[in-house]
Amino acid sequence: MVRWLDVASFLVLLWSFFPAVATAQVYIGRDIPHRGNLEISGGAAWSGGYDLGSASAEETRNTGTGTGPFVLFSTDSEAEPSVGLQGRLGVFLASSVSIEGGVYVARPDISTRLSGDAESAPDLTATETLTRLVIDGSVLFHLTGASFGQGRGVPFVLGGGGYLRDAHEKNEVIETGHEVHVGGGLHYWFGQGKHRVGVRADAAVSWRTGGADGVDTTRTMPMVAGSIAYLF
């Protein structure tokens, strides 16, 4: 005769064992990722817009016409949000640590509004489209202890930096700079074999200096990305 107390004790033990299994077997099937595994991913990334500040075109006044500079017109500039393409290649140093390099390409618009013309010309807005290239590197820490979905979903945190290149229209002027980023995301893998396909979501904050944004000013922008990933 089955003792209900023994059954209850067994169920409690089994329930407590499941989280340990999910933590230990981060990816169902073989013991991967491990040192030397590669991950390649690609998809779309969104960057937020930001204010580029105001400026005035001024000239020295003629004698007897007042004090201070004479303002010809004023400008207000901003970078519009943009969507670009990105690709990343990473290598695992251990099951919970990997390093990766990435390339991001986008075509953000820079809008400049001219107002307050000294000759009463109407206000107008000029727009220029840049070709932006970011090449970066990151270190990822995979939070295997926080995995879910039988170990298929694994969160991660990341940090890194890179090189920024902005080309103005017709590539007549090219400006360079650098960026630093921190963020996090999630992998969700499908299948049980050695080679696995999954989806990846990233969210980060990027601090950028140089480029078309101004050499001496640091800009802060949010970034969100979604990719298809392949582990092998």
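Counting Lys and Arg as +1 and Asp and Glu as -1, what is the net charge of the other residues whose Cβ lies under 12 Å from the Cβ of G102? Before the final figure, lay out each step's value.
Numbers: positive: R88, R200; negative: E39, E100, D136, E179, D202.
Result for the neighbourhood of G102: -3.
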>> Please compute the length gained on full extension between S96 and D51, using 0.36 nm multiplied by the number of residues separating them and subtracting their Cα-Cα distance.
In response: 12.4 nm
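Could you order the peptides 198-208, 85-95 from most to least packed, using the average number of other C-beta atoms within 10 Å per residue?
Details: 198-208: 18.4, 85-95: 16.7.
Ranking, from highest mean packing down: 198-208, 85-95.
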> Taking the Cα centre of region 72-199 as the origin, how large is its charge dipole in debye, to the nearest 20, when only Lys and Arg (+1) and Asp and Glu (-1) carry charge on their Cβ atoms?
Replying inline: 1280 debye
> Principal axis lengths of region 73-232 from Cα atoms, whole Å, largest first?
Replying inline: 71, 25, 25
> If you plug each phi of region 166-183 into the Karplus form 6.51 cos²θ - 1.76 cosθ + 1.60 with θ = phi - 60°, what whole-Hz ³J(HN,Hα) values come out, in order, with x for Gly and Pro?
Replying inline: 10, 10, 6, 4, 6, 6, 6, 10, 10, 10, 10, x, 9, 9, 10, 9, 9, x
> Given L133, G101, Y163, which one lies farthest toward the positive end of the charge dipole of region 93-232, if we put +1 on the Cβ of every Lys and Arg and -1 on the Cβ of every Asp and Glu?
Replying inline: G101
> Excluding L133 itself, what net charge comes from residues whose Cβ is under 9 Å from its Cβ, given Lys and Arg +1 and Asp and Glu -1?
Replying inline: +1
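The numbers here are math on the coordinates, done by the rules we state, and not lab data. Computed from a prediction, not measured in an experiment: that's the story for all the values here. FYI the Cβ positions are ideal-geometry reconstructions off the backbone, even for glycines, and counts take in every protein chain you see.
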